[in-house]
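The values are calculated or read from the model by the stated rules, or taken from the named source; none is laboratory data. Note that the structure is predicted; figures quoted are calculated from it, not measured. A quick note on method: Cβ atoms are made from the backbone with ideal geometry, for glycine too, and the neighbour counts reach across all protein chains shown. For the accessible areas, the whole protein counts, side chains as well, though only heavy atoms, and no ligand, DNA or RNA atoms are used. Shrake-Rupley method; radii C 1.70, N 1.55, O 1.52, S 1.80 Å.
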Amino acid sequence: MEKTSAAGQTGGAGGVSTWDAFLRADENWSRLKSSKAFEYDKTVLSAVQNGVPPPPQFVTDDGASGNPRCWEKLRKQAVDSTPLDYDVTICGGTLGIFIAMALQLKGHNVAVLEAGKLRGREQEWNISMKELLELVELGVLTEEDIDMAVKTEFSGCRAGFKNSEVTPLEGGYFDNGVGYECFTPNVLNLGISPSVLIENVSERFKAAGGVIFEGTPLKGIVVSESLGAALDVGEEKDPITSRLVLDCMGNASPISRQQRYGKQPDGICAVVGSCAGGFDAESNLLGDIIYTNSEIQDKGPNGQLQYFWEAFPVGIGRNGMEPGTSDVKTTYMFTYMDASEGRPSLSTLMDDYWKQLPIYQPSITDVETDLDVKRVLFAYFPTYKDSPLQPEYSRILAVGDASGIQSPLSFGGFGALTRHLERISGAITEALESDLLHKDDLGEINAYTPNLSAAWMFQKAMSVRMGQKVDPKFVNRLLATNFDVMDNMGEKTMMPFMQDVVRIDGLAGSLARSFVADPTFMPQIVLHVGIPTLVEWLGHVSMITLYTALHSLSPVLEPFVDNMENKKEKYLWKRRMEAWKFGSGNDYKFD
C-alpha cells in the first residue's frame, strides 16, 4: 500500500487507495468507535447541556448565525425581486451529477458543487444492465454512454455460504455438511468505468444549461424558510442562493453529521480489498456477490466476526477481451458489526484479508509475489435505523447515501440511486412547482419504507454482538438454508433480493420454507437476534404486508388524486402512493 500511486485519486469510498488515505480512514474509524452516544435536545435554549457542547452549526436558520454575506445576499435578492441563482443546488457531484441531469431535463435551473474535481474513480462500479437501462429511460444516460462505460461483462454471480472452502459444492447444507452455493445470472455482472460515465453525463448536463462548480468546498448553509437557502463557498467567492439544496455528500456529509449529533451508528459494514492481476485467467469468468468459506472468526477482545467475500472479474466480455483472457480481479472482504470501542481496526481487517485471500482464491499462493496490485480498497459504512433521514431544515433534502436510502447490507449507493431516481426527481419537481419546500413536505420524499427497515434484521442476523457467544456455524447455516430455499423458489424470489429489494411474497415464502427445512434452528435465531429486535422486525414485516395491500389500491386512487385541485393534498397523496409502492418492493420490474 505504501507503493500505491496517488494518481487518479478521487473522493468517496473506493476513490482513494494510498497508504496515507488508509491511515486517515483507520484514524476516523478509531475515533468513531471511541465516541459515546449522548442526548442533546436542540430545542432547549441552553447551549451546553450536561457538559455536552452544541453541535457544529454547518446549517442554520438563525439569522444571527452563519455567514452574514449569505444572509445579505438572500435579503438583497428578495428586496430587488431578483430570482435566486438556482432552483436546485446539489452538493456532492459523484452521484449528484445523475440527479442533477434528471432535474435539468425536467426544466429546472440546476447547479452542482464539488469540493475537488468532478471525476469518477478508476475502480469499476459493478451493476446490472437492468439498472442502467432505468437511467436510459429517464434520459440521464444514453445507450452510447453505456457502450462506452462498460469495460467488463460476464454472465452472473455466485452466492455461497460454507464452513470451509469446497469448490465446486453440490447439494444442500444438511446433505454435504459444508454449505450451499448457487448462481444468479445478470446480477452485478457489468463493470462500468465511473470516470467515463461521469464525464459523459457532466458534459451533457452542461450542454443542457446546468452549471458545475469544481474546486468549491461547501463551508456552510443558511436557510430562510420564506426566502431560500444560501451556500457559503468561501470568503473569496460570492454565496450561491437556491430554492432547494440536495445533500449528496454521502454518509460523511457534514449536514447529516450535524443532524445526527450524539448518535452512534446502529451498524457498520467494514470493507477491505484490492484490484489486482495475477489470478488464474481461465477461471476468472464469474463474480461472487456474497460468499463465505469459513466459520465465524473469534477475534478475542475484538469480538466475533463473520467474514464475507465479494469478487468480480475485470477486463473480460467487452472490447475484444474474451472470457478467460484476463488475470485481473477485484476482491473484497467485508463484515457486519456494531461500532463498539473494542472492534478491530481496518489494519487488522486488512491483515486478515491478505492472509485469507489465498484460501479464497487458490490460484494465489503468496500475495506479495503472485499479485500485481493496482489499487487497495477500504471503507466503513455507518448505517442508521432512522433511515431514510428526515429533513431537519426546510429547503434541504438528503438523497442517496446521505439519506441512508441504500440497504444496510450494501456498501454501494449507485444501485439504490438507479432504483429511486425517477421517484425522487419527480417528487422534487412537484415540490418546486407547488412551492412545497417546508421540511415536513420534503420529508414525504424520504418517507418510512418498511422493507428497508426490515433489512436491518438481516444485518443483525449476520453479525455478532460484543460479548455474545455464538455457534461458529450459525451464519453459514442460516444463509445456506435460506438461499437454498430462495433458489428453489425461482428468479422472482432471488432476483429482487439480490438487488436489495425485499418483497412480502418472496420473504413470507422463504421464511415458511426455511422453517420447514430446519425447524430446530428457530430458537437459536431468536436467541441470536433477541426478542425485542424480532418483535420490531415483525412490525416492519406487517407494514410491508399492509403497504402491498395499499399499493394494490393505487390504480383506483390515481384518477382521483390526479384531479385534485389542492396542490398540497395532491402532492401528499402522490408521496403516499410512492411510499406504498417502494416500501413494499412493488417498484421492482420483472423481465
Quiz item: Does THR383 count as at pLDDT 95 or above, among the β-branched types (Val, Ile, Thr) and farther than 20 Å from ARG121 by Cβ?
Solution: no
Quiz item: Hey, THR369 hits all of (1) open to solvent by 50 Å² or more (accessible area, probe 1.4 Å); (2) modelled with pLDDT under 95; (3) in a helix (DSSP H, G or I) but one; which does it fall short on?
Solution: (2)
Practice problem: Take ASP41 and decide whether it is surrounded by fewer than 17 Cβ atoms within 10 Å (Cβ to Cβ), among the charged types (D, E, K, R) and at pLDDT 85 or above. | Solution: yes
Self-check item: Cross-chain or 6+ apart pairs with Cβ under 8 Å, the stretch 119-132 first and under 17 Å from VAL201 (Cβ atoms) and in contact (Cβ under 8 Å) with a residue 60 or more places away in the chain, then among the β-branched types (Val, Ile, Thr) and assigned to a helix (DSSP H, G or I)
Solution: ARG119/ILE198; GLY120/VAL196; GLY120/ILE198; ILE127/THR418; GLU131/THR418; LEU132/ILE146; LEU132/THR418
Practice problem: Could you figure out which of (1) surrounded by 22 or more Cβ atoms within 10 Å (Cβ to Cβ); (2) closer than 22 Å to ASN586 by Cα; (3) not aliphatic (A, V, I, L, M) isn't true of ARG503? | Solution: (1)
Quiz prompt | Residues (more than 30 Å from LEU286 (Cα to Cα) and in contact with a Cys (Cβ under 9 Å, 6 or more places away or on another chain)) located in the stretch 181-233 | solution = LEU218, GLY220, ILE221, VAL222, ALA229, ALA230, LEU231, ASP232
Quiz item: From the set of residues in the stretch 49-98 that are in contact with a Phe, Trp or Tyr (Cβ under 8 Å, 6 or more places away or on another chain), assigned to a loop (DSSP other than H, G, I, E, B) and open to solvent by less than 40 Å² (accessible area, probe 1.4 Å), which is farthest from SER394 (Cα to Cα)?
Solution: LEU95
Quiz item: Could you give every pair whose Cβ atoms fall below 6 Å, whose first residue belongs to the stretch 535-555 and is in contact (Cβ under 8 Å) with a residue 24 or more places away in the chain, and whose second residue is among the basic types (Lys, Arg) and open to solvent by 70 Å² or more (accessible area, probe 1.4 Å), counting only separations of at least 6 or pairs across chains?
Solution: HIS551/LYS581
Quiz item: Does VAL201 meet the test of being surrounded by 16 or more Cβ atoms within 10 Å (Cβ to Cβ), among the hydrophobic types (A, V, I, L, M, F, W, C), closer than 30 Å to PHE58 by Cβ and modelled with pLDDT of 95 or more?
Solution: yes
Practice problem: Have a look at SER46, SER30 and point out the one that is over 30 Å from THR429 (Cα atoms), assigned to a helix (DSSP H, G or I) and of a type in the set (Ser, Thr, Tyr). | Solution: SER30
Practice problem: Of all residues in the stretch 531-577, count the ones that are within 26 Å of the chain's Cα centre (by Cα) and polar (S, T, N, Q). | Solution: 4
Practice problem: Taking THR348 as meeting all but one of (1) touching a residue at least 24 places away in the same chain (Cβ under 8 Å); (2) open to solvent by 40 Å² or more (accessible area, probe 1.4 Å); (3) not aromatic (Phe, Trp, Tyr); (4) not in a helix (DSSP H, G or I), write down the number of the exception. | Solution: (4)
Practice problem: Could you grab the pairs with beta carbons closer than 8 Å, sequence gap of 6+ or different chains, first residue in the stretch 416-439 and part of a loop (DSSP other than H, G, I, E, B) and at pLDDT 95 or above, second one crowded, with 18+ Cβ neighbours inside 10 Å and aliphatic (A, V, I, L, M)? | Solution: LEU436/LEU442; LEU437/LEU244; LEU437/ALA431
Quiz item: In the stretch 23-35, how many are open to solvent by less than 50 Å² (accessible area, probe 1.4 Å) and either modelled with pLDDT of 95 or more or aliphatic (A, V, I, L, M) (or both)?
Solution: 5
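Every residue, every condition in (1) open to solvent by 20 Å² or more (accessible area, probe 1.4 Å); (2) in contact with a helix residue (DSSP H, G or I) (Cβ under 7 Å, 6 or more places away or on another chain); (3) farther than 27 Å from SER30 by Cα, yes or no:
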{"residue": "ARG375", "(1), (2), (3)": "yes, no, no"}
{"residue": "LEU389", "(1), (2), (3)": "no, yes, no"}
{"residue": "TYR393", "(1), (2), (3)": "yes, yes, yes"}
{"residue": "GLY404", "(1), (2), (3)": "no, no, no"}
{"residue": "PRO408", "(1), (2), (3)": "no, yes, no"}
{"residue": "PHE411", "(1), (2), (3)": "yes, no, no"}
{"residue": "ARG423", "(1), (2), (3)": "yes, yes, yes"}
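What is the residue count in the stretch 144-199 for residues that are part of a strand (DSSP E or B), hydroxyl-bearing (Ser, Thr, Tyr) and more than 23 Å from the chain's Cα centre (by Cα)?
1
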Exercise. Starting from residues that are within 24 Å of the chain's Cα centre (by Cα) and either open to solvent by 10 Å² or more (accessible area, probe 1.4 Å) or of a type in the set (Ser, Thr, Tyr) (or both), keep the ones in the stretch 103-119 and report whichever is farthest from VAL233 (Cα to Cα).
Key: GLN104
Practice problem: Of the numbered conditions (1) within 23 Å of TYR588 (Cβ to Cβ); (2) touching a His at 6+ places or on another chain (Cβ under 7 Å), VAL470 fails exactly one; give the number of that condition. | Solution: (1)
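Quick grid of which residues meet (1) among the β-branched types (Val, Ile, Thr); (2) open to solvent by less than 70 Å² (accessible area, probe 1.4 Å); (3) modelled with pLDDT of 95 or more:
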site: SER514; (1), (2), (3): no, yes, yes
site: THR533; (1), (2), (3): yes, yes, no
site: ILE544; (1), (2), (3): yes, yes, yes
site: TYR547; (1), (2), (3): no, yes, yes
site: VAL556; (1), (2), (3): yes, no, yes
site: VAL561; (1), (2), (3): yes, yes, yes
site: GLU565; (1), (2), (3): no, no, yes
